[in-house]
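The values are calculated or read from the model by the stated rules, or taken from the named source; none is laboratory data. A quick note: this is a predicted structure, and the numbers were derived from the prediction, not measured. Here the Cβ positions follow ideal geometry from the backbone for every residue, glycine too, while neighbour counts run over all protein chains shown. Protein only, heavy atoms only, side chains kept; ligands, DNA and RNA dropped before computing areas. Shrake-Rupley method; radii C 1.70, N 1.55, O 1.52, S 1.80 Å.
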Amino acid sequence: MKTIRQVSMLQFTLMVSAFQISVAFLSLPRELARQAGTDGWIAIFFGWGMATLASAALVKVMKNNPDGTILDLLQRYMGVWASKIAAFIFTAYYLLLAYDGFMIATLVIKLWLLPSTYIYVLVLLLLIPTFQIAQHGLQAIGRYSEIVTLLSIWIPFIYLATLRHAHWLYLLPVIKEGWLPVLSTIKIMVYPMLGIGLVFFLYPYLVRKDKALRAMVISNTLTCLVYLGITLVCFVYFSPDEIAEYNEPVISIMKSIEFQFIERVEVLFIAFYLFVFSCIWIPSMHLVSMNSAWLLGKGPERGHLALWCFAVAVSFFIYRPSFIDAARVNNFLNLAGFVMEFALPVCLLLYVAIIRKVRGEKRS
């Protein structure tokens, strides 16, 4: 394998967590409330457990080929054609994740900040820094995730200001309609936890591979703490019937915050949150170029990245999506993400274990 620049465990942890939080953060309280009412916050713990188990399977699979990505592992155990097919599937998957990120971000910007600006113009403006960062590889993306985390530290403190309007009785009684609504909400947590699949491609770049699982547990825990905090804040601010009426309750709640030095806090929030939004499409675009380069076996990844950025810009120029389209893509990604990041690691783990036993290889 070619010489690579390694990714620190902090960068790895923040990259996965920022990827997960990015776009799902805005609408998660609404989705949980629609399905299970004010008991929806309990499903976050189940989502954490599900993501942690899948993370353990991911790390265990990658230990069988620690110096290569999932494509190298598939080529080793299934052959060249299997790795080519996987590269095509991963290209399509991460391209859809990137498209979803661009779509939600531009729709939010257009709704709250720049209603007269065309979506394809916003996408084009976002693609320029995306290409500049993604072309330098996963280490640069990891450093970018660190910077974004530092820039976002102030956001939780802003939400604490809304608690003066809180009605804690909205949360009572707990499990008011039984466990069935809560359990049926677990499937909603798949989309907000997407990002653990980055291990497939980040593992060979890690400085301390032996601490990969620990980093994943920390990352999932950090993500779920953020989800839990914002969900509870929204649940005690909005009434149980009111919260489902807001598309982005996380933004709408900021209308109650007033400072002498700024009139509309939500404008400042959206402007800063663009950095968090970008944490889904920047790594996704890099992985798209990485997988397409593997698939075609031609040209540097930078050339593939430029072509895919151009393709994304053209797609938004031809078709201008709406929030309904975004909801449809999210529903599809909920299913596709479960297959790619939760079911696939378990299946691969079983397959590799069987093959290693048949070949008589020693366990990792």
Only listed residue being assigned to a helix (DSSP H, G or I), open to solvent by 40 Å² or more (accessible area, probe 1.4 Å) and at pLDDT 90 or above, chosen from 211, 255: 211
Meets criteria (within 20 Å of residue 50 (Cα to Cα), of a type in the set (D, E, K, R) and out of contact with any Phe, Trp or Tyr (no Cβ under 9 Å at 6 or more places or on another chain)) for residue 214: yes
Complete set of residues in the stretch 140-161 that are of a type in the set (A, V, I, L, M, F, W, C), open to solvent by less than 90 Å² (accessible area, probe 1.4 Å) and within 30 Å of residue 302 (Cβ to Cβ): 140, 141, 148, 151
Residues within the stretch 148-171 that are assigned to a loop (DSSP other than H, G, I, E, B) and of a type in the set (Val, Ile, Thr), tallied: 1
The stretch 62-76, residues that are in a loop (DSSP other than H, G, I, E, B) and within 13 Å of residue 352 (Cα to Cα): 63, 64, 65
Test: residue in the stretch 357-364 that is of a type outside the set (Val, Ile, Thr) and touching a Pro at 6+ places or on another chain (Cβ under 9 Å): yes
Which numbered condition residue 128 misses (of (1) within 26 Å of residue 254 (Cα to Cα); (2) open to solvent by 40 Å² or more (accessible area, probe 1.4 Å); (3) of a type in the set (A, V, I, L, M, F, W, C)): (1)
Selection from the stretch 18-61 of residues that are in contact with a helix residue (DSSP H, G or I) (Cβ under 7 Å, 6 or more places away or on another chain), at pLDDT below 95 and among the hydroxyl-bearing types (Ser, Thr, Tyr): 22, 38
Members of the stretch 29-86 that are open to solvent by 60 Å² or more (accessible area, probe 1.4 Å) and either aromatic (Phe, Trp, Tyr) or under 18 Å from residue 174 (Cβ atoms) (or both): 35, 45, 46, 48, 81
Some residue of the stretch 306-326 being part of a helix (DSSP H, G or I) and under 16 Å from residue 90 (Cα atoms): yes
Of residues in the stretch 313-331 being under 19 Å from the mean Cα position of the chain (by Cα) and touching a residue at least 12 places away in the same chain (Cβ under 8 Å), the one least open to solvent (accessible area, probe 1.4 Å): 326
Index of the failed condition, residue 174 passing every other in (1) over 28 Å from residue 268 (Cβ atoms); (2) part of a helix (DSSP H, G or I); (3) hydrophobic (A, V, I, L, M, F, W, C): (2)
